[in-house]
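For reference, the structure discussed in these notes is given below.
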Amino acid sequence: MTDDRDIKRAASIIRDGGLVAFPTETVYGVGADALNPIAVARIFEVKGRPQFYPLIVHIAESSTMQILCPLMDKRVKILIDRFWPGPLTLILPKSSIIPDIVTAGLPTVGVRMPAHPLALKLILEANTPIAGTSANPSGCISPTTSEQVLEYMGDKVDMIIEGGRCKVGIESTILDITKKIPVILREGGIPIEEIETAIGKIEVATNTPYHRKYTLKTSIKILKEGEINHSGQKKVGILLFKPSSRPLPCKVIKILSPSGDLREAAANFFSYLRILDEAGLDIIYVEPLPDTGLGKAIMDRILRSIS
Ligand code: TXA
Ligand code: MG
């Protein structure tokens, strides 16, 4: 059985930028320090999905909300009092302390306080919020035992915390509380009726909003064979995977990874894209990334930004 020494070891792995699979009351999660973008990039690597999507930030004390999402209204306080710790994830506007990769570039973040003593101990001991997702590879069902996690990703995580079979067994209910009428984005461990009893009318989403096309102010073009076509365009920006020796006639140049490392590139991608988009440019060129692992996920997001 898991003891305090195991939790201390897991917490130091998290603090050092590692990945830990941990039990919650819903399903097992795989998590990393939510404030360390390189560590968070590894989560997407082990999931093996060629796409970024927003992760859930797991916390152990409601006071952490002041740092992560300070804009809380009365309804949020009611829900927290009533359902946390427990299987309810709240979507709220995020503070800038949360790296963009955690939310896949969204201005909102999903937060929840899991009702499993080992998950809570881990978060407290690590002394940082833990960004995570269900500990299954893309396309497989969420694991509810540590054996299943071992089978799924035993060789890819730094530690698996054994915490028995998950009591709830289905994922948390996700509630977008940024709207006047809150919206259920995923049905899960807390029934909709119970939430309505607490805060009044809510709606159920028919499509999940983050699957929408990702819109930018500036137009984007994939750079082909080093060609930059200026024809009439004055202010040009470029997003490079790694440093380039050729001269680039650009106003803004952002390099995703000085050492050509995809994990580092993923960690920087969302914030660099935002910087470029806000630089008042006419066009942003993007150097294609290697078509493997996190490179695929970055390219997916770029292609979805091209209108
Ligand atoms: O019970 C659970 O929620 C488990 C345990 C480990 O906490 N976690 C889990 O994570 O199921 P995951 O990544 O498999 O599902 C979380 C989903 C994402 O796929 C996304 O749909 C939604 O949460 N989500 C997270 N942040 C969001 C945001 N800012 N806006 C919209 N949806 C968000
Ligand atoms: Mg999942």
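In region 139-167, which residues are near ligand 1 (Cβ under 10 Å from one of its atoms) and small (Gly, Ala, Ser)? Ser142 - this is the single residue of region 139-167 that is near ligand 1 (Cβ under 10 Å from one of its atoms) and small (Gly, Ala, Ser). In this structure, Thr215 does satisfy being of a type in the set (Ser, Thr, Tyr), out of contact with any strand residue (DSSP E or B) (no Cβ under 7 Å at 6 or more places or on another chain), more than 12 Å from ligand 1 (Cβ to nearest atom) and open to solvent by 70 Å² or more (accessible area, probe 1.4 Å).
One residue is enough: does region 124-131 have a residue meeting the conditions closer than 28 Å to Ile195 by Cβ, open to solvent by 10 Å² or more (accessible area, probe 1.4 Å) and assigned to a helix (DSSP H, G or I)? There is at least one residue in region 124-131 that is closer than 28 Å to Ile195 by Cβ, open to solvent by 10 Å² or more (accessible area, probe 1.4 Å) and assigned to a helix (DSSP H, G or I). Each residue in region 95-112 was checked for being under 19 Å from Arg15 (Cα atoms), in a loop (DSSP other than H, G, I, E, B) and within 13 Å of ligand 1 (Cβ to nearest atom), and 1 pass.
For Ile238, indicate whether it is open to solvent by 30 Å² or more (accessible area, probe 1.4 Å) and either of a type in the set (A, V, I, L, M) or over 22 Å from Val102 (Cα atoms) (or both). Here the answer is no, as Ile238 does not meet what is asked.
For Pro247, the conditions (1) in a helix (DSSP H, G or I); (2) open to solvent by 30 Å² or more (accessible area, probe 1.4 Å); (3) more than 17 Å from Asp100 (Cβ to Cβ) all hold with the exception of (1). With the requirement that a residue be open to solvent by 40 Å² or more (accessible area, probe 1.4 Å) and touching a residue at least 40 places away in the same chain (Cβ under 8 Å), what does region 256-270 give you? Once the filter is applied, which keeps residues that are open to solvent by 40 Å² or more (accessible area, probe 1.4 Å) and touching a residue at least 40 places away in the same chain (Cβ under 8 Å), region 256-270 yields Arg263, Glu264. When region 158-203 is examined, which residues are found to be closer than 13 Å to Pro23 by Cα and of a type in the set (A, V, I, L, M)? Within region 158-203, Met159, Ile160, Ile161, Val168, Ile170 meet the criteria. Could you tell me whether any residue of region 132-139 is more than 16 Å from ligand 2 (Cβ to nearest atom) and open to solvent by less than 30 Å² (accessible area, probe 1.4 Å)? No, there is no match, as no residue in region 132-139 is more than 16 Å from ligand 2 (Cβ to nearest atom) and open to solvent by less than 30 Å² (accessible area, probe 1.4 Å).
The values are calculated or read from the model by the stated rules, or taken from the named source; none is laboratory data. In this text, all values refer to a predicted model and were calculated from it rather than measured experimentally. All Cβ positions, even for glycine, are placed from backbone atoms using ideal geometry, and neighbour counts span all protein chains on display. Heavy atoms of the whole protein, side chains included, go into the accessibility calculation; ligands, DNA and RNA do not. Shrake-Rupley method; radii C 1.70, N 1.55, O 1.52, S 1.80 Å.
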